[in-house]
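Working notes, structure below.
What follows is calculated from the coordinates using simple rules that are stated; it is not laboratory data. Worth saying up front: this structure is predicted, and the values here are computed from it rather than measured. Here Cβ is always computed from backbone atoms with ideal geometry, including for glycine, and neighbour counts include all displayed protein chains.
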Amino acid sequence: MLLLSGTGVSVIAALWLLLDIAFLISLFFHVLGDCARRSSPLCAIFQDLIRYGKTKSGRPAWLHCFDLPKRWFSHFYYLSVFWNGALLWLVVQSQLFGVEIPQWLQSLLHFFNKEPQQKISGGEVSTILALSLIWLHSLRRLEECLYVSIYSSGVIHVAQYGLGVAYYFLVGITLLDNANLDPKNITVSDLAFQVHWYHIIGLALYIWASVHQHRCHVILANLRKNKSGKVVTMNHVMPNGDWFERVSCPHYFAELLIYVSIALLFGLGHTSWWLVVMFVLFNQSLAAILCHEFYNEKFDNYPAHRKAFIPYLF
Ligand SMILES: NC(=O)c1ccc[n+]([C@@H]2O[C@H](COP(=O)([O-])OP(=O)(O)OC[C@H]3O[C@@H](n4cnc5c(N)ncnc54)[C@H](OP(=O)(O)O)[C@@H]3O)[C@@H](O)[C@H]2O)c1
């Protein structure tokens, strides 16, 4: 905190920057190094920290004590629906009904974000829309975790679980970076007048990416069912259809598009949100590359033209 004062960098931006760097280094380390083939304890720890679910296998037994069930992904979305929903409610109350933001939230935002003079005004519609879309995204993901996805006995590392919990807490705080939360009585028509072309494009991209992400989650779930919808296997099967024809992990690519769509809602000008987009880019790239390697090793007939993460690129 002391180190950051006077640098113009908020605590929240510094945190995202650190996470971005950590994942970028891990990505390069995995792609350029040969840690996956070495059996040293350090390499084993590194592999255990970057892998989860189907890409985590053949590890020393002592690493199993850090395992948590991968189905606990739902906890992240429970937290996000509750926390980001509460933030949305408090922001709407303050901006539309003139209710003061509670003191505990003001203190929290003051800790994570920059000084009040850095706040920009006139972006109320962006903040409310962005919080609404993150809340809706979390609600859909929660519904998918509970009712769509078929989880095997796959695991995640306790550190990955901790990061997932912190992630959805920080996402809401980041959206409020630069927001002017002084109590106001903005009417719905005032909000409508704030709408720009980039809100429309952002919303369209969000809907398009969300529809495809949901379809991909359904395709993955159906791989484990027979024609009558009964779960018949817990194996990992080769996915086909929709965006799977282009990439191994289209649901990760859709996730990236969803975060870019929220950057669009701020007219691409929300610096700390871009650090979140970078985080999603780096961590989903790493997960997609690991998954792509897994598929190529497992299936002899895996389509050669299929990229890992971003169509036509990699
Ligand atoms: N914003 C972020 O930073 C972030 C981070 C991580 C994930 N996410 C998002 O969360 C969503 C889920 O991510 P994930 O990493 O859990 O995806 P995933 O590993 O592909 O798993 C999704 C579901 O599909 C199953 N599955 C995966 N591959 C399969 C296959 N080949 N055959 C049969 N079933 C298969 C999994 O079962 P198992 O139990 O066997 O794995 C799980 O139930 C994604 O949309 C992702 O973008 C976001």
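Some values worked out for this structure:
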quantity: Unit Cα scatterers, Debye sum, the stretch 168-314: log10 I(q)/I(0) for q = 0.09, 0.12, 0.16 Å⁻¹; calculated: -0.39, -0.63, -0.94
quantity: Residues TYR312 and ASP190, FRET efficiency given R0 of 45 Å [Cβ-Cβ distance, rounded to 0.05]; calculated: 0.60
quantity: Computed label-point distance, nm, for sites LEU146 and PHE97 using a 7 Å Cα→Cβ extension; calculated: 2.5 nm
quantity: GNM top mover of LEU42, LEU268, LEU290 - the chain, alpha-carbon springs below 10 Å; calculated: LEU42
quantity: Of the DSSP H helices in the chain, those whose Cα atoms cover at least 30 Å axially and whose Kyte score averages 1.6 or more; calculated: 11-32
quantity: Distance histogram for the chain (every C-alpha pair counted, 20 angstrom bins, percent rounded to whole numbers); calculated: 29, 56, 15, 0
quantity: Cleavage-rule hits (trypsin sites (Lys or Arg not before Pro)) in the stretch 212-274: DSSP loop, at most 16 neighbouring Cβ within 10 angstrom; calculated: LYS227, LYS230, ARG246
quantity: Options ASN226, LEU290, PHE309, ranked by Cα towards positive dipole end of the stretch 171-314, top entry (Cβ charges); calculated: ASN226
quantity: Pairs of lysines in the chain (C-alpha under 14 Å apart; 8 or more residues apart or interchain); calculated: 4
quantity: Cut-off 10 Å between beta-carbons: net charge of the residues surrounding ASP48, Lys and Arg +1, Asp and Glu -1; calculated: +2
quantity: Theoretical gain in end-to-end length, VAL31 to CYS65 [0.36 nm per residue, Cα-Cα removed]; calculated: 9.5 nm
quantity: Prolate/oblate/rounded call for the stretch 273-314, Cα gyration tensor, a/c under 1.5 rounded; calculated: oblate
